[in-house]
Amino acid sequence: MTTLTGAVTQPTGSDPRSTSFVPAYYLASYGLYVAIFSATLGGVSVKVQGLVPLDQAAQQLGLITGLGAVFSILAQPITGAASDRTRWRHGMRRPWILAGALGTFVGLAGTGAAGDLASLTISFCAAQLFANMAHAAANATIADQVPAAHRGRVAGAVASCAPVSLLTAAVALSYLPSNFLRLTVPAGCAVVFCTWFALRLDDRVLPPPTRVSRQASGRASGRAWGRALWPALRRSFAFAPGSGRNLTWVWATRALIMLGFAGVGSYLTLYLAAQFQITDGTDQLRFAMYAIFIQTPCVVLAGHLGGQLADRTGHRRLLVCWGGLLIAAGIGIVAGAAVVGHDLGLATVLVGEAVIGVGVGLFLGVDLALAIEVLPDPARQAKDLAVLNTAASIPQVIAPVLGGLLVLPLMRDLAPDLAYPTWFGLSAVASAVGGLLVWKIDGVR
């Protein structure tokens, strides 16, 4: 366990911690992703379709996933800031990882057992809250443990985690016999892997506060503490002083690219029902599994090659740009798939998913390394990374609001056959703009 006394030190190129750290971190992230993807990929959608008529499913799904994303947005920066200040003698990240994994299991168990929209919404929001709590603390360990010269390769390796998790979640959704098992089995994996990672982690330990600071803290009144609470929460959602515009542009790039990606992923099963008349939930989940089977190797290969290329050449912005543009191209292919007929259209959807996979791999392969490279304050890196991570969470709020509550209902009244193609087209534009915004980031190649 690494104890910090005074200044925060960065891991060096010879630091041995990164060697054993990567596989444990990968499995922890994999478990958390599988747990949440099992819900967002189709578990909640199929659950909603069993509770309301199909013509109301998009709005209800948008409301539930949007509220869940609000909780994920709140969890990331607050947990990041709290973990930066945690003085537990067993580490500053470990308690948040363990508590988050256990809370995720409880929330998804409630989601699987829910018999009405209210309990479904509450349980899913709890799962999002705790999963993002664990993610915020786990993501900060990359900056803690991995030397700067190796972060591109680590980011490239970790880039395969999300698609492999998607694939696992799709298989679980297709073959596990009930909604309850479809959600609780992946959540149980998250608990096992996160516990293993937390126990193996050579976690940083902040020194205990001095006696003077403890006495001063004890004299603070409850009213003074209350006055300080809101500014502290507000600072949890702001970048460190001195960050300039770089972190803002990193955030905007990530948010727009992920908005496009979320626009397709959240509504693929409903798109199949509306455009291809695949209304059986099992058939929808089975096709989603095929799409992920196609997409996963594309993401893994592109992420690995992108991370290696970024470390060798030092060019990170170019790969992020190409990633955003390829995601946009793939979404466009999916949007127009229904035009060419039923069978050929379904095949076209799979082609689009493959193109999206290449773009996602290039983007994820260097995005985290680029973000860490522009962090201004090592002592606040967990909080700053958590604020950056809201760029992946906020699109989960915006996408359901724009798609399920605005664009899709409006287009369903004006031109029903164009409802989902229009929404997917807007998603493609968002990813393309996000890819181009990366050139506004200074100080990196």
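Observations, loosely collected:
- Filter result (crowded, with 24+ Cβ neighbours inside 10 Å and in contact with a Ser or Thr (Cβ under 7 Å, 6 or more places away or on another chain)) within the stretch 173-202: L173, R182, L183, P186, A187, A190, L201
- Taking every residue in the stretch 278-301 that is crowded, with 16+ Cβ neighbours inside 10 Å and pairing it with any residue that is acidic (D, E) and part of a helix (DSSP H, G or I), at least 6 positions away or on another chain, the pairs with Cβ-Cβ distances below 6 Å are A291/E353; I294/E353; Q295/E353.
- Looking across I97, I122, I78, one residue alone is part of a helix (DSSP H, G or I), at pLDDT 80 or above and touching a Ser or Thr at 6+ places or on another chain (Cβ under 6 Å). It is I78.
Yes or no, residue by residue, for (1) outside any helix (DSSP H, G or I); (2) at pLDDT 80 or above; (3) among the basic types (K, R):
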| residue | (1), (2), (3) |
| --- | --- |
| G13 | yes, no, no |
| F21 | no, yes, no |
| A28 | no, yes, no |
| L32 | no, yes, no |
| T40 | no, yes, no |
| K47 | no, yes, yes |
| A58 | no, no, no |
| T65 | no, yes, no |
| S83 | no, yes, no |
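- In the condition set (1) assigned to a helix (DSSP H, G or I); (2) touching a Gly at 6+ places or on another chain (Cβ under 9 Å); (3) more than 18 Å from A392 (Cα to Cα), L51 is compliant with all but (1).
- Matching residues, the stretch 290-320, being modelled with pLDDT of 85 or more and over 17 Å from V355 (Cβ atoms): R317, L318
- S72 among the hydroxyl-bearing types (S, T, Y), buried (at least 20 other Cβ atoms within 10 Å of the Cβ), without any contact (Cβ under 8 Å) to a residue 60 or more places away in the chain and part of a helix (DSSP H, G or I): no
- Scanning the stretch 415-445 for residues that are over 30 Å from V366 (Cβ atoms) and surrounded by fewer than 22 Cβ atoms within 10 Å (Cβ to Cβ) returns A415, P416, D417, L418, P421, T422.
- Any chance L309 is part of a helix (DSSP H, G or I) and within 26 Å of S45 (Cβ to Cβ): no
- Extreme residue, farthest from S45 (Cα to Cα), among residues of the stretch 254-270 that are modelled with pLDDT of 90 or more and not hydrophobic (A, V, I, L, M, F, W, C): R254
- Flag not set for T390, criterion: farther than 27 Å from A131 by Cβ, touching a helix residue (DSSP H, G or I) at 6+ places or on another chain (Cβ under 9 Å) and of a type in the set (S, T, N, Q).
- Of all the criteria given as (1) more than 30 Å from K440 (Cα to Cα); (2) part of a helix (DSSP H, G or I); (3) of a type in the set (V, I, T), the one not satisfied by V334 is (1).
- Candidates A198, A273, A232, filtered to the one that is modelled with pLDDT of 85 or more, of a type outside the set (S, T, Y), under 21 Å from A75 (Cβ atoms) and not in a loop (DSSP other than H, G, I, E, B): A198
- Residue selection: P177 satisfies the criterion of being under 30 Å from L285 (Cβ atoms), at pLDDT below 90, assigned to a loop (DSSP other than H, G, I, E, B) and not hydrophobic (A, V, I, L, M, F, W, C).
- Residue check, G403 under 21 Å from S160 (Cβ atoms) and either at pLDDT 80 or above or in a helix (DSSP H, G or I) (or both): no
- Cβ-Cβ distances below 7 Å connect the following pairs, each with a first residue in the stretch 374-399 that is more than 16 Å from W249 (Cβ to Cβ) and part of a helix (DSSP H, G or I), a second residue that is among the hydroxyl-bearing types (S, T, Y) and at pLDDT below 70, and a separation of six or more residues or different chains: K383/S236.
The values are calculated or read from the model by the stated rules, or taken from the named source; none is laboratory data. The structure presented is a predicted model; accordingly, all values stated were derived computationally and were not measured. Virtual Cβ from ideal backbone geometry, glycine too; neighbours counted across all protein chains shown.
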